[in-house]
Amino acid sequence: MSHLLQTVFGLDAPSPATRRAGWTMVLDSGLGPAASRDLVTTAAGQIDLIKLAYGSSAFYPESILREKLELFRDHGLLVCPGGTLLEAAVQRDRVDALLDELDTLGFNAIEVSNGIEGRIDRDYKIVLIDKARERGFRVFSEVGRKLPQEDATLSHRDRVDEIRADLEAGAEKVIMESRESGTVGIFDENGQINSELAYELFQHIDPEDVIWEAPKRSQQIWLLHQLGPEANIGNVATTDVLSLASLRHGLRADTLRDHAPHRIITYLELGVAGALRAHKRGDVVVVVDALRASSTILQCLANGADSVTPVLGADELNGDVTLAERGGAKLPGVDFSNSPTEILDQDFHGKHVVISSTNGTECIRVAGGHKNPVLIGTVNNARAAARAAEAIARAEGRSITLLAAGRNNQPAIEDRIGVTRILEHLETPWVRGTLNPCYSDNLARDFLSSDSGMNLVSLGYGSDVIHCAEEDRFDLVGRFDGSTIRRAGDRGA
């Protein structure tokens with residue numbers, strides 16, 4: 001780390017050798033020895049993985065190739081040949097011979113792809129990952145197709161399933177195919193963002209497990225804005241390594257404001273995966289389960305409950321008062337359903353309430369609460385939740401995550417509306433994350449017409465839906481401490 005950077009920031013950036021995220025994968029399209037030395041001399045500290053593009057490794061004079069590989073390894077870098085070289089070996093049944101030769105030459109990493117060779121189906125791809133790992137290579141798989149018309153046939157579910165299978169098979173990270181042109185995968189033929197696909201992927205996998213090929217600066221900026229400075233970015237040109245490092249640290253105009261000391265970045269996230277990301281960042285997390293866990297928890301606190309403990313399993317429902325549902329229906333043996341109107345006139349003063357719901361309680365527990373603050377918010381307390389989150393974020397130097405619990409691991413419109421209502425009450429938020437806002441000019445209508453709303457109406461809980469759509473009903477916020485929820489501002493909360 002240079003003294004100049006330390007002077008500006010007052011702290012060191014994470015080391016490439018130890019960090020899990022913030023990877024930079026460089027695409028080497030044919031640097032000679034002198035240019036390779038220039039690259040590592042100036043930028044080795046900003047590089048994690050170098051890929052010798054396409055099948056270009058086959059055309060270097062062997063002595064030059066060995067010299068390059070030794071240089072990169074001596075600087076602590078991973079270096080792999082492009083996946084196309086392995087695909088060509090598959091065509092000719094020469095995989096074992098190729099892996100032996102790559103090992104002899106000095107490669108320490110392998111990319112396993114199936115971007116063009118049809119013989120590499122899911123099962124055979126796992127075989128190739130195993131073969132490479134057995135020989136001691138660090139293995140990176142790639143998901144996606146080289147030809148746009150073939151890549152377009154892959155659904156987000158196809159990509160998610162393949163990513164998960166590759167990781168389970170031992171791939172260290174998965175590279176999301178976009179080619180050196182940045183025109184497939186999460187980018188269209190013009191290099192523009194396919195945000196619908198990108199958001200689907202962000203919501204179903206941990207973005208830290210993926211290296212997102214993004215050769216264009218506009219693409220890199222978009223990923224950094226959505227995922228933060230530790231987004232893993234690949235296919236970076238050798239001439240752009242320091243440019244990307246500058247973007248990561250807020251030393252270019254495109255990201256300078258993201259790193260302003262007093263700027264509060266607000267992430268919009270979804271479900272358990274979003275809760276995990278927020279917890280890792282150490283954010284102030286506002287969990288929004290608009291139908292109905294957030295409203296019910298707030299009603300318990302408004303009724304005087306000393307505490308409300310969110311639990312996952314029915315066997316944990318032990319308290320003075322118990323509330324629980326699955327799919328909207330009340331669980332047998334509990335005092336109340338997850339229903340704010342059922343408890344509207346109950347006196348809970350001094351009582352310990354235990355609650356379990358389909359999505360909300362899990363998101364609350366995963367979001368943290370011990371090392372980072374977790375608040376309970378929704379339409380019912382949007383203004384109070386925004387005020388509390390912002391006060392903590394400024395006092396403790398944290399970002400904010402507005403977390404939509406979702407329904408069946410999919411975005412739920414009522415949660416998106418709740419998140420957006422809170423967002424509207426924040427002062428000058430710098431919005432990032434994996435969820436699009438959703439604005440409503442008629443809360444009751446939109447809640448009633450949502451999937452969750454219609455399900456609750458069918459179960460006889462239409463009054464709950466209307467209750468949960470009432471804006472700023474409460475001027476209180478629940479705060480989770482890792483174990484239980486109390487009113488924010490109460491002793492211990």
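We did not get these values from a lab; they are worked out from the coordinates using the rules stated. Worth saying up front: this structure is predicted, and the values here are computed from it rather than measured. A quick note on method: Cβ atoms are made from the backbone with ideal geometry, for glycine too, and the neighbour counts reach across all protein chains shown.
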Average projected area of the Cα convex hull of the chain, in nm²?
24.7 nm²
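What order do you get for ILE485, ILE221 when you list them from fewest to most C-beta neighbours inside 10 Å? Display every interim value, and only then the final one.
Details: ILE485 29, ILE221 17.
Lowest count first: ILE221, ILE485.
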Rounded to 10°, Cα long-axis angle of helix 382-396 versus longest principal axis of the chain
50 degrees
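Given N residues in region 265-487, what is Rg(Cα) / (2.2 N^0.38 Å)?
Working: Rg = 15.5 Å, N = 223, 2.2 N^0.38 = 17.2 Å.
The value comes to 0.90.
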Residue-wise, which Karplus ³J(HN,Hα) couplings in Hz belong to region 279-288, taking 6.51 cos²θ - 1.76 cosθ + 1.60, θ = phi - 60°, and x for glycine or proline?
5, 5, 6, x, 6, 6, 10, 10, 8, 10
Distance in nm between label sites at ASP93 and ASP481, each 7 Å beyond Cα in the beta-carbon direction?
6.9 nm
Per-residue HN-Hα couplings for region 110-124 [Karplus 6.51, -1.76, 1.60; θ = phi - 60°; Hz; x = Gly/Pro]:
9, 9, 10, 10, 9, x, 9, 7, x, 5, 8, 7, 4, 5, 6
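Which value at 222 nm does the chain reach when only helices count, each DSSP H run of 4 or more adding -39,500 (n - 2.57), with the total divided by all residues and rounded to the nearest 500 deg cm²/dmol? Mind showing how you got there, number by number?
On the way: 19 runs with 190 residues, N = 493.
When only DSSP H runs of four or more count, the value is -11500 deg cm²/dmol.
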So for region 217-296, averaging the separation of alpha carbon pairs under 8 Å that are six or more residues apart and normalising by length, what relative contact order in percent results?
16 percent
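How about region 84-164: which trypsin sites (Lys or Arg not before Pro) there lie in a loop by DSSP and see at most 16 other Cβ atoms within 10 Å? All intermediate terms of the calculation are to be shown ahead of the outcome.
Values: sites: ARG92, ARG94, ARG119, ARG122, LYS125, LYS131, ARG133, ARG135, ARG138, ARG145, LYS146, ARG157, ARG159, ARG164; in loops: ARG92, ARG94, ARG119, ARG135, ARG145, LYS146.
Here the trypsin sites (Lys or Arg not before Pro) that fit, given the DSSP loop and packing criteria, are ARG92, ARG94, ARG119, ARG135.
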For a quick size check, give me the Cα extents of region 334-421 along its three principal axes, largest first, whole Å.
41, 34, 24
Percent of Cα pairs exceeding the 26 Å cut-off, where the set is region 3-259
38 percent
Over 10 Å intervals from 0, what percent of Cα-Cα pairs in region 148-207 sits in each interval?
22, 55, 22, 1
Using only Cα atoms, figure out Rg for region 226-335 and give it as a multiple of 2.2 N^0.38 Å.
1.63
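Please pull out the direction-averaged projected area of region 144-269, using the convex hull of its alpha-carbon atoms, in nm² to one decimal place.
Details: hull surface 32.2 nm².
Result: a mean projected hull area of 8.0 nm².
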If the cut-off is 26 Å between C-alpha atoms, which lysines fall inside it for LYS68, apart from same-chain ones fewer than 8 positions away?
LYS51, LYS131, LYS173, LYS216
Full-extension gain between TYR439 and LEU105, please, as 0.36 nm times their residue separation minus the C-alpha to C-alpha distance.
114.5 nm
Once both axes come from the Cα atoms, what is the angle between helix 195-204 and the longest principal axis of the chain, in degrees from 0 to 90, rounded to 10?
70 degrees
For region 385-427, compute the orientation-averaged projected area of the C-alpha convex hull (one quarter of its surface), in nm².
3.1 nm²
For the chain the mean separation of alpha carbon contacts under 8 Å (6+ apart) over residue count, i.e. relative contact order in percent, is 13 percent
Within region 296-371, list the trypsin sites (Lys or Arg not before Pro) lying in a DSSP loop whose Cβ has at most 16 other Cβ atoms in a 10 Å radius.
LYS371
In degrees, nearest 10, the alpha-carbon axis of helix 95-105 is tilted away from the dominant principal axis of the alpha carbons of the chain by 70 degrees
In percent, how large is the relative contact order of region 3-259, given Cα pairs closer than 8 Å and 6 or more residues apart?
18 percent
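Select from region 358-451 those GluC sites (Glu not before Pro) which occupy a DSSP coil region and have at most 13 other Cβ atoms within 10 Å, ordered by residue number. Could you put the intermediate results ahead of the total?
Working: sites: GLU362, GLU390, GLU396, GLU414, GLU424, GLU427; in loops: GLU427.
Filter output for region 358-451: GLU427.
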Projecting each Cα onto the charge dipole of region 265-487 (Lys/Arg +1, Asp/Glu -1 at the beta carbon, about the Cα centre), which of VAL366, SER463, ALA302 comes out farthest on the positive side?
VAL366
Counting sequence-distant residues (5 or more places) and residues on other chains, those with an amide H built under 5 Å from that of GLY82 are LEU52, TYR54, SER56, SER57
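Relative to the compact globular guide of 2.2 N^0.38 Å, what is the alpha carbon radius of gyration of region 298-352, as a ratio?
On the way: Rg = 10.6 Å, N = 55, 2.2 N^0.38 = 10.1 Å.
Region 298-352 yields a ratio of 1.05.
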